[in-house]
Amino acid sequence: MSDKYAVIGNPVEHSLSPVIHAEFARATGQDLTYGRILAPLDGFRAAALQFRDGGGKGLNVTLPFKQEAWRLAETHSAEALVAGAANTLRFEGGRIIGHNTDGIGLTRDLKENLACPVRGRRVLLMGAGGASYGVMEPLLRELPQAVVVANRTLEKAVALVAHFEKFQKFAAHGVSARPYGALAGARFDLVINATSAGLADDMPPLSRDVFAPGALAYEMVYGRKTMFMKFAVECGARAADGLGMLVEQAAESFYIWRGVRPATKPVINVLRKA
């Protein structure tokens, strides 16, 4: 029988992960199946354990369950341990191992697909939820000039910055938390939307001068031109969605599960043309 994997979330019907992993399996000759699991908002644990007990080998975890997945895991990779969130679960010998590949996916997409290395850049990270926790350490390890975390609830941004205090040394001008209203006069080379606003056809309250010349506006939501992306282009910035991040983080999950690292650019090209 083929090894079983799936993506679990709520909502989950929009997920391209089954298509991505099917392409990876075909290209690498791996025998597996990959499906979708819609878990009730209060039923993540039961759904994940049911999948495992039915012979499942691993899960990708999407909104809103990444922090619950971290709590379900019995051991964690270094990235997941720091993030306090897991987007990949591996079921091995009765153990549940939590990984977080989001940050690796983001930084690889920025560097290898979008020609936008983080090193030396002023970064604005919007949002203070699980997605931001997942990418903060890898972003800082890329040696940005500075990182500002903006959030509608300032206390959550402050908590995020405090959580990563020991990694702040990687940013030459430090890491700080601000409400959106306090961004006036600040300009950034890389603006990352890690909020879920794009799914609701909304966007954070940004001022038009937040983008420095040549800035990249990066939207973690994929498969649509969000309000944030349209706004950024109107302001003269370059905009990219999160499709490349999705494929890159999936490739890392595939490697964790199968020990084989698939090529990503062919899959990104296939999905862009779909």
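The values are calculated or read from the model by the stated rules, or taken from the named source; none is laboratory data. Quick caveat, the model's predicted, so the values are computed rather than measured. Cβ atoms come from the backbone with ideal geometry, glycine included; neighbour counts cover every protein chain shown. For the accessible areas, the whole protein counts, side chains as well, though only heavy atoms, and no ligand, DNA or RNA atoms are used. Shrake-Rupley method; radii C 1.70, N 1.55, O 1.52, S 1.80 Å.
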(message) Of the conditions (1) surrounded by 19 or more Cβ atoms within 10 Å (Cβ to Cβ); (2) touching a residue at least 24 places away in the same chain (Cβ under 8 Å), Ala80 satisfies every one except a single condition; which number is it?
(response) (2)
(message) Can you pull out every residue in the range 62-77 that is open to solvent by less than 30 Å² (accessible area, probe 1.4 Å), at pLDDT 95 or above and assigned to a loop (DSSP other than H, G, I, E, B)?
(response) Ala73, Ser77
(request) Working only within the range 113-129, note down all residues that are touching a Lys or Arg at 6+ places or on another chain (Cβ under 8 Å) and more than 18 Å from Pro179 (Cα to Cα). (result) Asn113, Pro117, Val118
(request) Please verify whether the range 228-241 includes one or more residues that are buried (at least 23 other Cβ atoms within 10 Å of the Cβ), assigned to a helix (DSSP H, G or I) and either in contact with a Lys or Arg (Cβ under 9 Å, 6 or more places away or on another chain) or without any contact (Cβ under 8 Å) to a residue 12 or more places away in the chain (or both). (result) yes
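Results for (1) among the small types (Gly, Ala, Ser); (2) over 12 Å from the mean Cα position of the chain (by Cα); (3) under 15 Å from Asn193 (Cα atoms); (4) assigned to a helix (DSSP H, G or I), shown as yes or no for each residue.
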site	(1), (2), (3), (4)
Glu79	no, yes, no, yes
Arg90	no, yes, no, no
Ile104	no, no, no, yes
Arg108	no, no, no, yes
Lys111	no, yes, no, yes
Ala128	yes, yes, yes, no
Ser132	yes, no, yes, yes
Glu155	no, yes, no, yes
Val158	no, yes, no, yes
(request) Can you run down the residue pairs with Cβ atoms below 7 Å, 6 or more apart or on separate chains, where the first is in the range 168-188 and among the aromatic types (Phe, Trp, Tyr) and the partner is open to solvent by less than 50 Å² (accessible area, probe 1.4 Å) and outside any helix (DSSP H, G or I)? (result) Tyr180/Ala150; Tyr180/Pro204; Tyr180/Leu206; Phe188/Val123; Phe188/Leu124; Phe188/Phe211; Phe188/Ala212; Phe188/Ala215
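Specify the residue that is nearest to Pro213 (Cα to Cα); the eligible residues are those in the range 175-185 that are outside any strand (DSSP E or B) and open to solvent by 20 Å² or more (accessible area, probe 1.4 Å). Let's see the steps before the verdict.
First, pick out the residues of the range 175-185 that are outside any strand (DSSP E or B): 179-185.
Those still in the list that are open to solvent by 20 Å² or more (accessible area, probe 1.4 Å) too: 179-182, 184-185.
Values: Pro179: 23, Tyr180: 20, Gly181: 21, Ala182: 20, Ala184: 16, Gly185: 14 Å.
Ranking the qualifying residues of the range 175-185, first place goes to Gly185.
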(request) Check Ala131 against each of (1) within 30 Å of Leu49 (Cα to Cα); (2) at pLDDT 95 or above and name the one condition it does not meet. (result) (2)
(request) Pull up the range 142-153, narrow it to residues that are more than 17 Å from Asn193 (Cβ to Cβ) and out of contact with any helix residue (DSSP H, G or I) (no Cβ under 6 Å at 6 or more places or on another chain), then point me to the one that is least open to solvent (accessible area, probe 1.4 Å). (result) Ala146
(request) Of the numbered conditions (1) closer than 18 Å to Gly129 by Cα; (2) open to solvent by less than 10 Å² (accessible area, probe 1.4 Å), Pro11 fails exactly one; give the number of that condition. (result) (2)
(message) I need every pair where a residue in the range 99-122 that is under 11 Å from Glu142 (Cα atoms) and open to solvent by 40 Å² or more (accessible area, probe 1.4 Å) has its Cβ under 6 Å from the Cβ of a residue that is part of a loop (DSSP other than H, G, I, E, B) and not polar (S, T, N, Q), sequence separation at least 6 or different chains.
(response) Lys111/Pro117; Arg119/Glu142; Arg119/Leu143; Arg121/Pro144
